[in-house]
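The block underneath contains the structure these notes are about, expressed in C-alpha cells.
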Amino acid sequence: MPSSTEESAEGDERSVRDRAFIDLHCHTSSSFDSLADPGAVVRAAAARGLTHLAVTDHDRIDGALRARDSAPDGLTIIVGEEIKTADGDLVAVFIEKAVQPGMSALETIAAIRGQGGLVGIPHPFDRTRGYGRKSGADPAAIARAVDWVEIYNARVIGSSANEEAALFAREYSLPGLCASDSHTVFEVGVSYNIVHGDPSTPGGLLAALTEVDIQPHRASYYVRAWTPVAKIIQSMRGNGRRPAHSSPGERR
C-alpha cells in the first residue's frame, strides 16, 4: 500500500500533468493592426510552452483558421474573434463563423452563444479601448452574460485599468484572466494563465476557469510602436478595419 508520502508525490505529478498554459487573446496579420503571420504566431506559442492559444483577430476568423491548420502536436489553437460591438469590444472563443461587428453587446453575445461559444470582456477599463469608452455603455450591464474578464491585459498602459478590472471581476464573481493581446510575434504568450484540466472545449474551459493562476507580464513598450506602422501597411493592402455593415469573413 502506498505511503502518504508516495501518494502525495503521485498527486503532485498528476497535478503537473493536468496543467494547461493558455492565452485567450492574440492577433495575427488578419487583424487591421497586426503583421504577425499566423504560422509564426503558432511557432512562437509552441516554443514558449503554451498548450492552448485563442487567436482573436479583429472582426474576422480567417487568421485563426490558418493558425489552427498549422498547429503542431501539443498546441491547441482555439478559433476566436475580438468583436467591435456597438457598446464595446468583446472576445469570443470556440466559434466557427465570424460574428458581425456593430451589433449591441447582448446581440453579439447571443450570436456567440448560438455557435456554442464563450465570451469575455477584454481590457474593460483601458483609457482608450475600454468597454463603453465611446458608447457610454456600462460593463456591469453584461457582467452576468459573460464567462470571464481580462484583469490583466499586457498592452494596457499603467496599472490602474487592470486593477479596476480585477475589482470588477471580484464584484461580479467572474473568472479573471490575463492576456498577452499580442499584435507581434514577440508578444505571444508574454502573459498567460495556468489552469487545470483540458480547456480544449467550451465545457472544459469553463471548468478550468474555476481556478486560474495568472502569469502577468508585459512586453517592451517599444514593441507597441510597431502597431501604428502595421495599421498603415494594412490600410495600403486594403485590409483596414472592417466596417460594421460588411458581411462576416469579407475583406474590405
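Brief remarks follow.
- Unmet criterion (only one of (1) farther than 16 Å from L24 by Cα; (2) basic (K, R); (3) surrounded by 18 or more Cβ atoms within 10 Å (Cβ to Cβ)) for R155: (1)
- Within the stretch 60-81, the set of residues being surrounded by fewer than 23 Cβ atoms within 10 Å (Cβ to Cβ) and part of a loop (DSSP other than H, G, I, E, B) comprises A71, P72, D73, G74, L75.
- Those residues of the stretch 165-185 which are loosely packed, with under 15 Cβ neighbours inside 10 Å and either acidic (D, E) or in contact (Cβ under 8 Å) with a residue 60 or more places away in the chain (or both), in sequence order: E171
- Residue in the stretch 189-201 that is of a type in the set (D, E, K, R) and crowded, with 18+ Cβ neighbours inside 10 Å present: no
- Test: residue in the stretch 137-147 that is of a type in the set (G, A, S), more than 27 Å from S29 (Cβ to Cβ), surrounded by 15 or more Cβ atoms within 10 Å (Cβ to Cβ) and in contact (Cβ under 8 Å) with a residue 60 or more places away in the chain: no
- Reported count of residues in the stretch 82-132, each being surrounded by fewer than 22 Cβ atoms within 10 Å (Cβ to Cβ), among the aliphatic types (A, V, I, L, M) and either in contact with a Ser or Thr (Cβ under 6 Å, 6 or more places away or on another chain) or in a loop (DSSP other than H, G, I, E, B) (or both), is 2.
- Once the stretch 202-229 is narrowed to residues that are touching a His at 6+ places or on another chain (Cβ under 7 Å) and touching a residue at least 24 places away in the same chain (Cβ under 8 Å), the residue that is surrounded by the fewest Cβ atoms within 10 Å (Cβ to Cβ) is T227.
Since every read-out is calculated from the coordinates, none of them should be taken as a lab result. On a predicted model such as this, the values are computed, not experimentally measured, just so you know. Quick reminder, even Gly has a Cβ in these numbers, built from the backbone with ideal geometry, and neighbours come from all protein chains shown.
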